[in-house]
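Q: Sharing a structure with you now.
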Amino acid sequence: MKFSELAKYRQSVRDYEDRPLEKEKINRCIESTRLSPSANNAQPWKFIVVDEPKLKNEVASAVSGGGMNKFSAQAPVIIAVVLEKRDVLSSIASVMQNKEYSLIDVGIAVNQFCLQAADLGLGTCIIGWFNEKKVKKLLNVPCGKRMPLVITMGYSKSPIRNKTRKPIEEMSSWNKY
């Protein structure tokens, strides 16, 4: 698929088919993430694939605990994204520039994961609102680590929607604000 088509095709999926995912496709998404750029090549992420049905359902319950994201229970796979320790140079640069490079890096990696999934015919939804403490406990993530995002993943039941976006003139400019 051409990138311009892929950008239109990739959407947040909240309705999944009851169909298992091929590990080969999940691994291709992880490989795409592994190749993502990051500040100082720190690669400050770890992706935990949750596909064991009982555990996946417990994680989905923690993801949808507040009433939001109930669709996560439909997804055959949930990917938990753990923020890993930055290297010294990235840490210093983050402080000096007042920019959280590791979060930017994770965003790039997650987007690359989701674009690869879309290219393979899979749907994803990036979720930031969930019970992080409970998900970390279920997945044995050390208490000092953060988990900024989870991603639901599966075959979409929904057709591609038209995207509602700001006009290009409103969200971009040339040579000045």
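The values are calculated or read from the model by the stated rules, or taken from the named source; none is laboratory data. Computed from a predicted model, the values in this text were never measured in an experiment. As a convention, Cβ positions derive from the backbone with ideal geometry for all residues, glycine included, and neighbour counts pool all protein chains shown.
Q: Tell me yes or no: at least one residue of region 103-111 is among the acidic types (Asp, Glu) and crowded, with 18+ Cβ neighbours inside 10 Å. Lay out the reasoning, then the answer.
A: The initial filter retains those residues of region 103-111 that are among the acidic types (Asp, Glu), namely 105.
Among the residues that remain, those that are also crowded, with 18+ Cβ neighbours inside 10 Å are: 105.
Scanning region 103-111, I find at least one residue that is among the acidic types (Asp, Glu) and crowded, with 18+ Cβ neighbours inside 10 Å, so the answer is yes.
Q: Given (1) modelled with pLDDT of 95 or more; (2) surrounded by fewer than 21 Cβ atoms within 10 Å (Cβ to Cβ); (3) closer than 24 Å to Ser12 by Cα, identify the lone condition not met by Ser72.
A: Checking Ser72 against (1) modelled with pLDDT of 95 or more; (2) surrounded by fewer than 21 Cβ atoms within 10 Å (Cβ to Cβ); (3) closer than 24 Å to Ser12 by Cα, the one that fails is (2).
Q: Please go through region 62-88 and give me each residue that is within 16 Å of the chain's Cα centre (by Cα), not in a strand (DSSP E or B) and not polar (S, T, N, Q), ordered by number.
A: Across region 62-88, the qualifying residues are Val63, Phe71, Ala75, Pro76, Glu84.
Q: Please go through region 130-158 and give me each residue that is at pLDDT 95 or above and hydrophobic (A, V, I, L, M, F, W, C), ordered by number.
A: Phe130, Val135, Leu138, Leu139, Val141, Met147, Leu149, Val150, Ile151, Met153
Q: What's the total number of residues in region 3-61 that are in contact with an Asp or Glu (Cβ under 9 Å, 6 or more places away or on another chain), part of a loop (DSSP other than H, G, I, E, B) and of a type outside the set (A, V, I, L, M, F, W, C)?
A: 7
Q: Confirm whether Val13 is within 20 Å of Leu139 (Cα to Cα) and surrounded by 18 or more Cβ atoms within 10 Å (Cβ to Cβ).
A: In short, no.
Q: Still on this structure, please answer the following. So for region 110-119 (the condition being closer than 20 Å to Arg34 by Cα, charged (D, E, K, R) and not in a loop (DSSP other than H, G, I, E, B)), does at least one residue qualify?
A: Residues of region 110-119 closer than 20 Å to Arg34 by Cα: 110-119.
Of the ones still in play, those that are also charged (D, E, K, R) are 119.
Filter once more, keeping what is not in a loop (DSSP other than H, G, I, E, B): 119.
Yes, that holds for at least one residue.
Q: A follow-up question, please. Please work out which one of (1) part of a helix (DSSP H, G or I); (2) touching a strand residue (DSSP E or B) at 6+ places or on another chain (Cβ under 9 Å); (3) at pLDDT 95 or above is the condition Leu103 fails and give its number.
A: Of the numbered conditions (1) part of a helix (DSSP H, G or I); (2) touching a strand residue (DSSP E or B) at 6+ places or on another chain (Cβ under 9 Å); (3) at pLDDT 95 or above, the odd one out for Leu103 is (3).
Q: Would you please list the contacts, defined by Cβ atoms under 7 Å and residues six or more apart or on different chains, that run from a residue in region 34-54 that is within 18 Å of Ile151 (Cα to Cα) to a residue that is of a type in the set (Val, Ile, Thr) and part of a helix (DSSP H, G or I)?
A: Ser36/Ile108; Pro44/Val106; Trp45/Val106; Phe47/Ile30; Phe47/Thr33; Val49/Ile26; Val50/Val59
Q: Now a separate question. List the residue pairs whose Cβ atoms are under 9 Å apart, where the first residue sits in region 71-86 and is on the phi < 0 side of the Ramachandran plot and free of Cβ contacts under 8 Å to residues at least 40 places away in the same chain, the second is buried (at least 24 other Cβ atoms within 10 Å of the Cβ) and of a type outside the set (Lys, Arg), and the two are 6 or more positions apart or on different chains.
A: If the second residue must be buried (at least 24 other Cβ atoms within 10 Å of the Cβ) and of a type outside the set (Lys, Arg), the pairs left are Ala73/Val63.
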